[in-house]
């Protein structure tokens, strides 16, 4: 009894914070399973009757809960309400698992804290919210700590905003084995795409820092309309690690994928250029596809490829010459000999004419001289257009 009294007293005066946190975590270790309701309150996170759990009387998930949003008790009962609105702060959710094969979910945080731990999406059926291409849509969510996103379900979409509790010390969301869609999203947290994950962008999301790790991928929204391409803006950095894959599509000189930031861009891994929508169209000399638009650039891709191309591009492959990647010459607009060149020092894919004074010998010095010649030529053209 003395021991119990001493422990209770220590808790009361706040002298054992670590023990309190551990006790809280263990006290709420049971799953809190979402069941919803048919009334308007069926959407509300804080409504106790929307949850099925062991606590008596029923309560909404307190801090350190493990939350399951799916069939009640792991059975086949279908939750009535697929929309979930978080109207109160639940600061420390240990994990949140979405699991259902019959319908997707739309989770609106309204800027409140969602999770400090794991988000697992095992739901395979697409939601009717957002882009309709994800099984879980998280709206206006906030991270209270570094979190992970994983799961075997369809893609997870973050819509409108993801933020950190402390914007000066942004949290990191690490995505592994699940695809993430960012549509019209302001990202005030760091994102890391890791093994087996694909980050898809649409409608100019803004960023903090985005890192695509080895075996991670970056590209546009999947199955998007042929004339819709993504853009990205913001002040963060883009870091494409070795072993990553980047997918950028081109349609014409006005429509192509672009990642734009006032921060730095680091190249690595493979750049995959989807040329299928170009068809057999040819371009004027010095047509520029500004795939990456950043303040500074570093590194280089380990490979650059062209996919889905029709003649006269269908046999082209890229070879590295110093900081640039060039295709073989092909017969382009007006019967001219042209090349496609990707410049890692500018992030541009450029249609260039045959430089009559330079023979491509695979020498960095020769390519450096050709690059400076081309830059001067581009500057003159831009000046002429501005005039």
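The values are calculated or read from the model by the stated rules, or taken from the named source; none is laboratory data. Every value quoted in this text rests on a predicted model; they were computed, and no experiment measured them. Methodologically, a virtual Cβ is constructed for each residue, glycine included, from the backbone with ideal geometry; neighbour enumeration extends over all protein chains shown.
Against the definition (within 14 Å of the chain's Cα centre (by Cα) and buried (at least 21 other Cβ atoms within 10 Å of the Cβ)), how does residue 185 come out, yes or no? Yes.
Being touching a strand residue (DSSP E or B) at 6+ places or on another chain (Cβ under 9 Å) and within 20 Å of residue 266 (Cβ to Cβ) is the requirement here; does residue 221 meet it?
On the way: touching a strand residue (DSSP E or B) at 6+ places or on another chain (Cβ under 9 Å): yes; within 20 Å of residue 266 (Cβ to Cβ): no.
No: the conditions fail for residue 221.
Could you list, in sequence order, the residues of region 204-217 that are under 17 Å from residue 179 (Cβ atoms) and buried (at least 23 other Cβ atoms within 10 Å of the Cβ)?
So in region 204-217, the residues under 17 Å from residue 179 (Cβ atoms) come out as 205, 210-217.
Hits for region 204-217 are 205, 210, 212, 216.
Taken over region 108-126, the residue count meeting the criterion of being at pLDDT 85 or above and within 24 Å of residue 222 (Cα to Cα) is 8. For the structure I just gave you, tell me whether residue 296 is closer than 22 Å to residue 230 by Cα, surrounded by fewer than 14 Cβ atoms within 10 Å (Cβ to Cβ) and in contact (Cβ under 8 Å) with a residue 12 or more places away in the chain. Considered against the rule, which asks whether it is closer than 22 Å to residue 230 by Cα, surrounded by fewer than 14 Cβ atoms within 10 Å (Cβ to Cβ) and in contact (Cβ under 8 Å) with a residue 12 or more places away in the chain, residue 296 comes out as yes.
Rundown of residues vs (1) more than 25 Å from residue 69 (Cα to Cα); (2) in contact (Cβ under 8 Å) with a residue 24 or more places away in the chain; (3) in a loop (DSSP other than H, G, I, E, B), yes/no style:
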residue	(1), (2), (3)
177	no, yes, yes
200	no, yes, no
211	yes, yes, no
226	yes, yes, yes
243	yes, yes, yes
247	yes, yes, no
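Inside region 153-166, residues that are under 12 Å from the mean Cα position of the chain (by Cα) and either over 17 Å from residue 220 (Cα atoms) or part of a loop (DSSP other than H, G, I, E, B) (or both) make up a count of 2. Among the residues making up region 252-289, none is closer than 26 Å to residue 302 by Cβ and out of contact with any strand residue (DSSP E or B) (no Cβ under 9 Å at 6 or more places or on another chain). Given the structure, is residue 124 in a strand (DSSP E or B) and surrounded by fewer than 20 Cβ atoms within 10 Å (Cβ to Cβ)? The answer is no for residue 124. Scanning region 127-139 for residues that are touching a residue at least 24 places away in the same chain (Cβ under 8 Å) and surrounded by fewer than 20 Cβ atoms within 10 Å (Cβ to Cβ) turns up just one, 128.
Take the conditions (1) assigned to a loop (DSSP other than H, G, I, E, B); (2) touching a strand residue (DSSP E or B) at 6+ places or on another chain (Cβ under 9 Å); (3) closer than 19 Å to residue 235 by Cα; residue 169 misses just one of them, which is (2). Restricting attention to region 311-328, the residues that are in a strand (DSSP E or B) and either touching a residue at least 60 places away in the same chain (Cβ under 8 Å) or out of contact with any strand residue (DSSP E or B) (no Cβ under 7 Å at 6 or more places or on another chain) (or both) total 2.
With free of Cβ contacts under 8 Å to residues at least 60 places away in the same chain, more than 21 Å from the chain's Cα centre (by Cα) and surrounded by 14 or more Cβ atoms within 10 Å (Cβ to Cβ) as the only criterion, which of 308, 268 stands out? Let's see the steps before the verdict.
Details: 268 fails: more than 21 Å from the chain's Cα centre (by Cα).
From the options 308, 268, the qualifying one is 308.
Residue count for region 289-304 under the criterion of being assigned to a strand (DSSP E or B) and under 14 Å from residue 260 (Cβ atoms): the result is 5. Within region 229-237, is even one residue surrounded by 19 or more Cβ atoms within 10 Å (Cβ to Cβ), touching a strand residue (DSSP E or B) at 6+ places or on another chain (Cβ under 8 Å) and assigned to a strand (DSSP E or B)? So far as region 229-237 goes, yes, one or more of its residues are surrounded by 19 or more Cβ atoms within 10 Å (Cβ to Cβ), touching a strand residue (DSSP E or B) at 6+ places or on another chain (Cβ under 8 Å) and assigned to a strand (DSSP E or B).
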